Amino acid sequence: MSAATVTEAPAALGTDDDPHVGIRAHLRHISALVRRNVLWIRQDPESMFDVILMPIVFTLLFVFVFGGAIAGKGNQDEYVNYVVPGLMAMMGMNIAMGVGTGFNQDFQTGVMDRFRSLPISRASVLIAKISVEIGRLLLATAILLGVGFLLGLSVSNVPGLFAAIGLALVFGSSIMWIFLTMGVVMKNAQAIQGMGFLVLMPLQFGSSIFSPPSTMPGWLQTFTDYNPLSSLADAARGLMNGGQPVAHDVMITLLWSLVITVVMAPVAIHKYRTKT
């Protein structure tokens, strides 16, 4: 996509006008915007610190600081096999929050106004953003698994490992639509981070990511039973090492992902189109 192509017919900012483009043009726009986002990351490598450091810090923290208390002294090796699949679910949520803050900052700097002045589909901008973030999430997951293997993580089902990674990516990408919407409607990145932590902390710690729900009070067990992060974490454990049925948890995770995407993707695109 050349500069001449995208500057032929500027669209008015703050309107719901969306240029009608064919599928091939739509894919070209997404490809060009993905390349732009990747080049921006290359120019600002500090933006990758969360992807690189977060899986390392969280894995070491929970295995060596909390692992003994949760799994019992001397059972840290077993806890690695429990917590690492759970952290795969957690990575998607945390990186999704970064999507919202980054998107909001692009609005503050005028980058999004520039994009909305170009004759490209509004959805292309958001899809390109999510595509790059899925790549970042995949890198974070690879680092998480690398640290896990160094600490003694065992995987008895290699195809199941890749299925668990794919499931985490699908769910993480659906959550990104929520934070993209927040990035559009909220005034600044600090507000997104504050709201994000208020939502993410109960979801993450009120799940089976870090400890079995059987150790929790009855009312909290009820919450964890309906928490999609519990379904994703349990599905990842079952896919990677077996020992438990996974069909129900996989279906629940995919259903949550589908519903969130179907509901929030149109909302995010509409809010992006009409933001003034």
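Here are some notes:
- Placing pseudo-labels 7 Å out from each Cα toward the beta carbon at Ser214 and Ile56 gives an inter-label distance of 3.6 nm.
- Using the Cβ-Cβ distance between Ser117 and Leu198 with R0 = 35 Å, the FRET efficiency computed as 1/(1 + (r/R0)^6) comes to roughly 0.50.
- Potential extension, Thr222-Phe149 segment - 0.36 nm per residue separation minus Cα distance: 23.0 nm
- Protection-proxy order for peptides 196-205, 222-231, each taking the mean of Cβ atoms within 10 Å per residue, highest first: 222-231, 196-205
- Whole-Å semi-axes of the chain's equivalent ellipsoid (Cα gyration tensor): 37, 18, 17
- Debye intensity ratio I(q)/I(0), log10, region 111-164, q values 0.20, 0.26 Å⁻¹ (C-alpha model): -0.78, -1.03
- For region 168-262, the fraction of alpha-carbon pairs lying more than 22 Å apart is 35 percent, rounded to a whole number.
- Summarised in one figure, the compactness ratio Rg/Rh of region 99-224, Cα atoms and Kirkwood Rh, is 1.06.
- In this label model, Ser47 and Leu27 are separated by 2.5 nm, measuring between points 7 Å along each Cα→Cβ vector.
- Heavy-atom accessible area with a 1.4 Å probe sorts Ser211, Ser156, Ser257, largest first, into Ser156, Ser211, Ser257.
- Between Lys271 and Ser131, the simple label model (points 7 Å from Cα in the Cβ direction) yields a spacing of 2.3 nm.
- Only one residue of Leu87, Leu255, Ala233 has its Cα farthest out toward the positive end of the dipole of the chain, where Lys and Arg carry +1 and Asp and Glu -1 on Cβ, and that residue is Leu255.
- Förster-model FRET efficiency, 25 Å R0, Phe66 and Ala142, C-beta, rounded to 0.05: 0.60
- The P(r) of region 22-99 has a tail past 22 Å containing 47 percent of all C-alpha pairs.
- Per residue accessible area of region 76-150, 1.4 Å probe, in Å²: 29 Å²
- The HN-Hα couplings worked out from phi for region 241-249 by the Karplus form 6.51 cos²θ - 1.76 cosθ + 1.60 (θ = phi - 60°) are 10, x, x, 7, x, 10, 4, 5, 5 Hz, whole numbers, x standing for Gly and Pro.
- If you wrap the tightest convex hull around every Cα atom of region 160-200 and split its volume per residue, you get 66 Å³.
- Which of Leu126, Leu169, Leu139 is most accessible, then next, and so on - probe 1.4 Å: Leu139, Leu169, Leu126
- Atom-type composition of the exposed protein surface of the chain places 67 percent of the accessible area on carbon and sulfur (1.4 angstrom probe).
- Mean separation of Cα contacts under 8 Å, 6 or more apart, over the residue count of region 52-122: relative contact order %: 20 percent
- Most positive-pole-ward Cα, Val158, Leu200, Phe49, against dipole of the chain from beta carbon charges: Phe49
- Within the assembled protein chains, the solvent-accessible surface assigned to Trp256 is about 100 Å², based on a 1.4 Å probe.
- Rounded to the nearest 10 square angstrom, Val158 shows an accessible area of 80 square angstrom against a 1.4 Å probe.
The values are calculated or read from the model by the stated rules, or taken from the named source; none is laboratory data. It should be emphasised that the depicted structure is a prediction, and the values quoted were computed from it without experimental measurement. Note that each Cβ is placed from the backbone with ideal geometry, even for glycine, and that neighbours are counted across all protein chains shown. Surface areas here come from the heavy atoms of the whole protein model, side chains and all, with no ligands, DNA or RNA. Shrake-Rupley method; radii C 1.70, N 1.55, O 1.52, S 1.80 Å.
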